[in-house]
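What follows is a set of notes on a single structure, which appears directly below.
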Amino acid sequence: MSRSPVSKDELERIALQEIRSFPGTEKVVSIEVEFGPDPRPGTSDWKLHVVAQEGCDLARIQYAAKTTSDRLKRRYEIHLN
């Protein structure tokens, strides 16, 4: 299955929406996508950084971020242009 192209800003918006859909993640305020090198030619790897308010459930947020990241990596390919 091919992945849909998406911009970094759009991916951050989608990730924030999906992470906030998990119970216990209401205090998530923003998402940032960080790029890193990928060993496959012509591709890039990325990870999500989550910013949340004080008093959040870190375990729930970590679970939501990992699950969301895995899902989004299967569905989308980031275009840096």
Problem - With 10 Å bins from 0: P(r) over the chain, alpha-carbon pairs, percent - result: 18, 50, 25, 6, 0
Problem - Heavy-atom accessible area per residue - the chain, 1.4 Å, Å² - result: 68
Handout entry: GNM flexibility winner over the chain from S69, S21, S30 (Cα, springs under 10 Å)
Key = S21
Completion exercise
Helix 58-75: inclination vs the chain longest Cα principal axis, degrees, rounded to 10, gives 20
Exercise for the section: Nearest 5 is fine: what % of DSSP beta bridges in the chain come out antiparallel, could you say? Expected result: 75
Practice task
Would you mind checking the tilt of helix 8-20 against the longest principal axis of the Cα atoms of the chain, expressed as 0 to 90 degrees and rounded to 10?
Solution key: 30
Exercise for the section: Please report, as a whole percent, how much of the solvent-accessible surface of the chain comes from carbon and sulfur atoms (probe radius 1.4 Å). Expected result: 51
Exercise for the section: Could you work out which residue, out of G36, G24, G55, moves most in a Gaussian network model of the chain, that is, has the largest mean-square fluctuation with Cα springs under 10 Å? Expected result: G55
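The values are calculated or read from the model by the stated rules, or taken from the named source; none is laboratory data. Fair warning: this is a prediction, and the values are worked out from it, not measured in the lab. To get the accessible areas, we keep the full protein, side chains included, count just its heavy atoms, and leave off ligands, DNA and RNA. Shrake-Rupley method; radii C 1.70, N 1.55, O 1.52, S 1.80 Å.
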